[in-house]
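One structure is given here, and the rest of the page talks about it.
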Amino acid sequence: MSEIRSVAVAGASGTLGPHVLQALIDAKFRVRVLTRSKKPGKYDAGVDVVEVDFTSVESLTTALNGIDAVVSTVGFTAIPTQTVLIDAAVAAGAQRFIPSDYGSVSFNPKLEAFPLYDQSFKIKHHLHEKAMAGQMSWTVLATGTFLEFLFAAGEAGLLDFASRKVTLLDEGDNRLSATSLATIGKAIAGILKKPEATKNRVVKISETIVTQNQLLRFAEAPRPGDKWEVSKVATSALLKEGLDELSAGDFSFPVSFKIIKGTGLAGEAYGSAYDETDNELLGVQELTEEELKKMVAERLA
Ligand SMILES: NC(=O)c1ccc[n+]([C@@H]2O[C@H](COP(=O)([O-])OP(=O)(O)OC[C@H]3O[C@@H](n4cnc5c(N)ncnc54)[C@H](OP(=O)(O)O)[C@@H]3O)[C@@H](O)[C@H]2O)c1
């Protein structure tokens with residue numbers, strides 16, 4: 001497999017995309033951004049930005065001329081549209097495709113028929129077909145939960161730091177992997193530097209494995225006077241509720257979030273903690289307990 005030098009990034013203007021773009025630039029790849037519309041001031045002056053029609057193989061094939069690898073970081077709702085981008089990558093002669101996936105449990109075959117996960121499996125199958133036909137190789141990157149999201153405000157995070165409330169999922173001991181956005185970006189650059197070792201497989205990275213109870217202990221230790229209000233919910237109940245509401249036609253974010261929590265934070269049920277990883281291959285350093293404690297302490301201010 002020849003060296004990957006030029007990389008196109010789709011979805012570089014979102015949450016994860018800028019970190020991936022920066023890591024690829026830092027790793028000295030020639031980078032081209034594919035976007036639906038140019039956003040003034042969004043990218044550094046030297047970045048090659050091309051406006052494309054993500055529904056057109058022709059538009060995308062032209063934009064991918066001379067590109068060795070395509071990294072997609074398009075948003076969740078755009079995941080199904082990636083079949084067009086994959087077909088264009090093959091037509092343009094790219095050798096590697098990294099789809100927008102970056103899930104915590106989205107590689108688990110148990111979830112293949114689940115709403116919210118089925119589309120990402122369709123993309124994985126599409127890539128597998130291309131690889132079987134010898135047209136292009138792929139890598140899916142499993143990242144655990146985005147580390148920043150563990151500390152999101154309100155009920156979106158694992159602990160609600162502002163109101164000192166926590167809803168423990170099951171008993172609060174479910175283990176889950178997490179990786180920061182910057183580290184995910186660097187890992188993607190690492191995959192493209194090591195194309196043979198990362199070819200046609202799910203690659204897992206995990207900067208830390210945490211539980212809610214561990215984070216709660218870290219939060220209580222420096223502030224023994226603070227009283228945390230603790231409640232509990234079973235992930236199986238949350239998942240059932242989300243699936244029932246979805247099948248009744250409620251496609252709202254809170255409903256999707258119940259399904260995400262009911263699977264991605266359910267510990268062993270869907271494999272949210274990666275005890276075996278590709279950290280070493282990709283140079284991912286695990287966080288120390290002290291670093292994690294510091295992150296928690298910063299949220300207590
Ligand atoms: N593990 C986790 O905890 C976790 C958390 C959040 C997200 N994720 C996953 O990470 C990936 C990236 O998520 P994100 O939150 O960074 O995405 P995002 O910010 O929602 O969107 C990224 C970019 O996608 C592009 N986009 C949006 N709709 C599109 C469409 N219909 N067709 C083509 N491009 C479109 C936009 O770029 P332009 O406007 O420039 O075209 C947008 O800025 C997704 O696969 C998501 O499921 C994982």
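The values are calculated or read from the model by the stated rules, or taken from the named source; none is laboratory data. What you see is a predicted model; the values in this text were computed from it and never measured. Note that each Cβ is placed from the backbone with ideal geometry, even for glycine, and that neighbours are counted across all protein chains shown. Keep in mind that these areas ignore ligands, DNA and RNA; they rest on the heavy atoms of the full protein, side chains included. Shrake-Rupley method; radii C 1.70, N 1.55, O 1.52, S 1.80 Å.
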For Arg223, state whether it is more than 18 Å from Asp118 (Cα to Cα), basic (Lys, Arg) and part of a helix (DSSP H, G or I).
no
Out of the residues in the stretch 37-59 meeting the condition of being within 13 Å of the ligand (Cβ to nearest atom) and within 18 Å of Asp87 (Cβ to Cβ), tell me which one is most open to solvent (accessible area, probe 1.4 Å).
Thr55
I'm trying to understand the selection: among the residues of the stretch 27-69, which are part of a strand (DSSP E or B) and in contact (Cβ under 8 Å) with a residue 60 or more places away in the chain?
Ala69
Report, by residue number, each residue of the stretch 71-83 that is touching a helix residue (DSSP H, G or I) at 6+ places or on another chain (Cβ under 9 Å) and open to solvent by less than 30 Å² (accessible area, probe 1.4 Å).
Val71, Ser72, Thr73, Val74, Ile79, Gln82
Could you list, in sequence order, the residues of the stretch 86-103 that are open to solvent by less than 20 Å² (accessible area, probe 1.4 Å) and either over 26 Å from Glu207 (Cα atoms) or of a type in the set (S, T, N, Q) (or both)?
Ile86, Ala88, Ala89, Ala94, Ser100
Mind listing whichever residues of the stretch 130-154 are of a type in the set (D, E, K, R) and over 20 Å from the mean Cα position of the chain (by Cα)?
Lys130
